[in-house]
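Inspection log for the structure reproduced underneath, given as structure tokens.
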């Protein structure tokens, strides 16, 4: 039971580990309607409030403005679980499970921010903003054809999660060829998940592995979360046709309270058992990021201009080695054959992520259409995954190398083009992931600490991943 209770906390932490991953772990697309239309190539060319995420130096060109956009991440994962079991006679047997599909709700993910430009030469800009990462809030069915879901030991639902990054930013443009900016950020909100663990105290001795009568459903909430961080960037414009940008994102360190409630198994030893206490803590680190971009600009005439940018980012996910779980008062009372109360011991969940790279190429073409100024955008993005193949799992780590193809645009309205309306569509293309059962590394939790029986991995099988992003936004300059 000890590992089982803590495992449900780990499930939340694993799926939570996403706030500032630029596409390599859990963040399934570059964020922001206009930047995504450029494939995320928006470091050197950042010049509106979207710069708070990509390069705060770009706020120096945002003026006094307001931005609001929202996008829907339509994510789908079809998981066909495969596992192998060594029976009492030492024979290895393989089992295939029915396919289960993880889906996301129609939930717009917002960006909102405002900036104020001041100084005798308008060289200073301050901004505030709030944004949510483009993370898949995935749910899986609890049953398939009347049987327990094959994904249940990894994840059933992330419904009810709400995370946001708040920030305050400052940018300075002392001369036309140089901008610098920095921001203080705070990851805040709460996270909820529903998972199942198996509480068979002797695994094969009392019952078969994964006997559903020993299943325990856990509902937990992590929060309130307060994880500070910051970013900084610079932009150089050595020539009117060239801009160079660099960005550094500091790591987030999450150390948050959590509460957990369980529905204990129907197996006989739990007939009179109950949970006492609900409090625990979750600790882990999210990686720093370094990035750079070069934008080339060309004006064909007074009404037509082209901007093309290439960017590169390195995400140091190797910092994310483990998730530390510490129970504060969770105990189980009255389990037949167990000491009572039965306390929950500390546990470390290995993650073993690796550093990853992201490459983006995108641009925008501005031109006159009738009496309106319009912009068309195209973007291409390639992101390596930070999740080692043997650790791919529904437990917040359904990811592989992926290519994002994006198309977007804007139309300017009102006098002096004060109002800009944006749209974007992006398709995230991922290869299927096969995790062989004999190399899978995410174990089914055995509730008895020190049980000599090796539990089988629960993440083996075939993962078929797809995602679409639809977004709308507006930017108003005062």
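The values are calculated or read from the model by the stated rules, or taken from the named source; none is laboratory data. Remember, it's a predicted structure, so these values are computed and weren't measured experimentally. No Cβ is skipped: glycine too gets one built from the backbone with ideal geometry, and neighbour counts run over all protein chains shown.
At a glance:
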item: Residue within the range 348-361 that is outside any loop (DSSP other than H, G, I, E, B), in contact with a strand residue (DSSP E or B) (Cβ under 8 Å, 6 or more places away or on another chain) and under 25 Å from residue 411 (Cβ atoms) present; result: yes
item: Verdict on residue 265 being surrounded by 14 or more Cβ atoms within 10 Å (Cβ to Cβ), farther than 15 Å from residue 190 by Cβ and at pLDDT below 85; result: yes
item: Residue match in the range 441-454 (condition: part of a loop (DSSP other than H, G, I, E, B) and at pLDDT 85 or above); result: no
item: Lone qualifier among 171, 182 - being in a strand (DSSP E or B), surrounded by 23 or more Cβ atoms within 10 Å (Cβ to Cβ), at pLDDT 95 or above and touching a strand residue (DSSP E or B) at 6+ places or on another chain (Cβ under 7 Å); result: 171
item: Number of positions in the range 157-168 that are modelled with pLDDT of 95 or more and over 15 Å from residue 133 (Cβ atoms); result: 1
item: Test result for residue 364, farther than 30 Å from residue 193 by Cα and either free of Cβ contacts under 8 Å to residues at least 12 places away in the same chain or not in a strand (DSSP E or B) (or both); result: no
item: Residue match in the range 379-394 (condition: surrounded by fewer than 21 Cβ atoms within 10 Å (Cβ to Cβ), over 31 Å from the mean Cα position of the chain (by Cα), touching a residue at least 12 places away in the same chain (Cβ under 8 Å) and in a strand (DSSP E or B)); result: no
item: Enumerated strands (runs of 3 or more DSSP E) restricted to the range 192-306, each holding at least 1 residues that are in contact with a strand residue (DSSP E or B) (Cβ under 9 Å, 6 or more places away or on another chain), touching a residue at least 40 places away in the same chain (Cβ under 8 Å) and within 30 Å of residue 333 (Cβ to Cβ); result: 215-239, 252-263, 274-276, 279-286
item: Helices (runs of 4 or more DSSP H) wholly inside the range 1-96 containing at least 1 residues that are more than 27 Å from residue 167 (Cα to Cα) and at pLDDT 95 or above; result: none
item: Criterion (surrounded by 21 or more Cβ atoms within 10 Å (Cβ to Cβ), at pLDDT 85 or above and out of contact with any helix residue (DSSP H, G or I) (no Cβ under 8 Å at 6 or more places or on another chain)) met by exactly one of 410, 430; result: 430
item: Hits in the range 219-244 (condition: under 21 Å from residue 282 (Cα atoms), in contact with a helix residue (DSSP H, G or I) (Cβ under 7 Å, 6 or more places away or on another chain) and at pLDDT 80 or above); result: 222
